[in-house]
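Please read the structure below before turning to the comments.
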């Protein structure tokens, strides 16, 4: 059992990070376990997650991030406030505090200003306020500037609410908020006891007051908490707490209990067993938390920290287990959702606690459901899923029976463009299943054109091998970047064997320019030897393009129209000179076939797209790339002469609700079929910067995720048609925006993002487990 606790510590520890939350007045993105706005709340119902977000792309006033209020898409002025609270304010009472922050604007018309209220313990009672709508308006476009307000904090104040109020349109940034008073005193953005549940998932933070279950590991250098099986007061384990150092009081977290409105006005008794080695006697503390989960993410608020002395005397130190009993007032309002309990440790000697009980009217308190807990799959939902999902025989491209793919074949039968997605670029089983599906589509559905989310130049060389047999397949596959694997090599070898006997051969194309020098070299080889000047211009263009990403050019034609960069101007001039010279060369000589001229122009367009993607503001480059990919897919479909086109790309590229997939759905309607890939457990391959590939472990898919439904239904490798999922008791989960694993080239800080599976994909393929895609040796 000790090994089990150690294993859970190793699993949960790295994922949980700091034990307590902080206000994050400097808006650092890593704060509060990647919930930088956790303790910032907003008063404007219509403000979306996109409208209020942490910005790491614009240079911050300090640190790496700032708060961005983006009202640029609003059709009329939007008003509201973003705020947080400091509790307690003991050292500020009787002082005049200065609250300041850095503000920045971009095309902003209206007002944005700091405001603050000194509040009493009575909810919503303001004892002093600075909330001035006559504050002068900020300039429409301004760089970072510090603004400040002052507020006297009365002796009766227990908290300080502060934030930014706004009414207008455009963009406003806030950063580096400070609260200062007296001679050189300043609020330091400290860890806040009692906020631990806000950093834990509902599953992990389930009440565990007898300490028999392994609890979440909360790494905190100020104290150690661990199960102890030696001499518990009850059951097999007690909780051992030990302060890491003497000095300031240490607040050690015990657990949380969801609140029920029926508690108000009643007596909540907390009782249990305690033993300690030496004085002073620990005290019980409690606080109340408010938590909400909406489109903008998790938000929380904390009430004042209250201490209750235990009915134990210092003389009882070392005397074994002592019962304690305290009463917690229950006069809080409906705003709070959780009660947090812990012990204040006054010394460095260990303290043990066990068998904590919460009683109401002399009876054990029946915990209501955690308000943040996502619903578990219902019997009706699992029954529908088991019936609707079509088991697949295998993911292996083994040339065996394909009857299990009949339903999928029916869905894609009349499609013009088929998107084969993947939730990560590094799954071996996804690569194998993709190979099997392509073989089926080629042999039985007449597919002849395949597009990869890969470099166009590398795919041109690969396609030449598929048509002629010239080239070394291993080297060609190694040039495909994330597609470089034994599984891709096996697919290419099968395609070459198929082409040797096929009347109409399969073509493979790349969707974008990732290596511009290789693409300009390909264009150079299309020219006759005598075109030395044009060949030199292409070499020059290749060098310029290769250096462009390192130039760090970030242009925004919407906010700074007409602005350019001399390096960009040079590249565009060279590109235009090459384009005009190629047109002249083709019209004077006529040496290229017309399809080759068409290809030449498309490759020049890819180079132009490379320029745009690497010189735009990062806020725009993602949209630019998505639309460019959609245009390139449409061009390839036209080259296919009316035949089907299969696109192999990430789920996020092909999803029909955004980016490339949205453009394809708008263009082809039901003729575009998007197939997503979903897996539950295992490992996968990611990029580790310049170090190459590494293996990552798939984070567990808990309640609130689509994968959890597949797992709960115990599905094997399966196909699920989402087009036929009409709303019913069994499909309600598909009409919700749940979490879905979403991993790109590199391992993100969080593997799950919120998605709308039914609208994004026409069908999904579920793999119970996966292993990391091995590199091609």
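The values are calculated or read from the model by the stated rules, or taken from the named source; none is laboratory data. Everything quoted here is computed from the prediction, not taken from an experiment. Every residue, glycine as well, gets a Cβ built from its backbone with ideal geometry; the counts of neighbours run over all protein chains shown.
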Inset, instruction - Given the conditions (1) surrounded by fewer than 20 Cβ atoms within 10 Å (Cβ to Cβ); (2) in the same structural domain as residue 707 (by TED's automatic domain parsing), report the number of the one that residue 634 does not fulfil. - result: (2)
Legend entry - Some residue of the range 464-477 being at negative phi, at pLDDT 95 or above and within 31 Å of the chain's Cα centre (by Cα): yes
Legend entry - Number of the condition not met by residue 613 [criteria: (1) within 23 Å of the chain's Cα centre (by Cα); (2) over 23 Å from residue 751 (Cα atoms); (3) free of Cβ contacts under 8 Å to residues at least 12 places away in the same chain]: (3)
Inset, instruction - Quick one: which residue in 433, 460, 447 is buried (at least 20 other Cβ atoms within 10 Å of the Cβ), assigned to a helix (DSSP H, G or I) and outside the structural domain of residue 673 (by TED's automatic domain parsing)? - result: 433
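Residues are listed down the side, and each one gets a yes or a no for (1) modelled with pLDDT under 80; (2) surrounded by fewer than 19 Cβ atoms within 10 Å (Cβ to Cβ); (3) closer than 22 Å to residue 191 by Cβ:
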position	(1), (2), (3)
14	yes, yes, yes
26	no, no, yes
36	no, no, yes
39	no, no, yes
44	yes, yes, no
48	yes, yes, no
71	no, no, no
Inset, instruction - Please indicate, with yes or no, whether at least one residue in the range 118-125 is free of Cβ contacts under 8 Å to residues at least 12 places away in the same chain and in contact with a strand residue (DSSP E or B) (Cβ under 7 Å, 6 or more places away or on another chain). - result: yes
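Matching residues to (1) crowded, with 16+ Cβ neighbours inside 10 Å; (2) touching a helix residue (DSSP H, G or I) at 6+ places or on another chain (Cβ under 6 Å):
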| site | (1), (2) |
| --- | --- |
| 175 | yes, no |
| 183 | no, no |
| 205 | yes, yes |
| 211 | yes, no |
| 231 | no, no |
| 235 | no, no |
| 254 | yes, no |
| 259 | yes, no |
Inset, instruction - Please indicate, with yes or no, whether at least one residue in the range 707-723 is closer than 14 Å to residue 423 by Cα, touching a strand residue (DSSP E or B) at 6+ places or on another chain (Cβ under 6 Å) and either modelled with pLDDT of 90 or more or not assigned by TED's automatic domain parsing to the domain that holds residue 418 (or both). - result: yes
Legend entry - residue 381 being within 30 Å of residue 745 (Cβ to Cβ), touching a residue at least 40 places away in the same chain (Cβ under 8 Å) and in the same structural domain as residue 738 (by TED's automatic domain parsing): no
